[in-house]
1. If I go through region 1-32 residue by residue, how many of them are of a type in the set (A, V, I, L, M) and under 17 Å from ALA62 (Cβ atoms)?
2. Scan region 17-69 residue by residue and report those that are of a type in the set (S, T, N, Q) and either farther than 17 Å from ASN6 by Cβ or modelled with pLDDT under 90 (or both).
3. Determine whether LEU75 is of a type in the set (A, V, I, L, M) and over 17 Å from LEU2 (Cβ atoms).
4. Counting only residues that are of a type in the set (A, V, I, L, M) and within 24 Å of ALA62 (Cα to Cα), how many does region 33-48 have?
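The values are calculated or read from the model by the stated rules, or taken from the named source; none is laboratory data. Here the structure is a predicted model, which means the values were calculated and not measured. All Cβ positions, even for glycine, are placed from backbone atoms using ideal geometry, and neighbour counts span all protein chains on display.
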Amino acid sequence: MLLIENVKDQVIVDWLKSEFSDAELAAAVSQLAGQRRPYVSNVVKALGVTVPPDVSAKASRAVAADALASMRKNLG
């Protein structure tokens, strides 16, 4: 249903699922106009909400942790 491209998107989707029902999320996806794809940012806009700062911070930490894990893997 939603296009999750990275760990940040996953953190935000987890938050959305805690705040909205599956039916509400599906309705937001279905109201995306024209060629807008169901990226997490588009669905957030369609719902008319703002991701809370604590969720954004958690998403940023998750991105950093994912990047560090990738670097560690590449180094050895």
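1. Looking only at region 1-32, we keep the residues that are of a type in the set (A, V, I, L, M), and these are 1-4, 7, 11-13, 16, 23, 25-29, 32.
With under 17 Å from ALA62 (Cβ atoms) added as a condition, the list becomes 2, 4, 7, 11-13, 16.
The qualifying residues number 7.
2. Residues satisfying the conditions are SER18, SER21, SER30, GLN31, GLN35, THR50, SER56, SER60.
3. On the way: of a type in the set (A, V, I, L, M): yes; over 17 Å from LEU2 (Cβ atoms): yes.
It is true that LEU75 is of a type in the set (A, V, I, L, M) and over 17 Å from LEU2 (Cβ atoms).
4. 4
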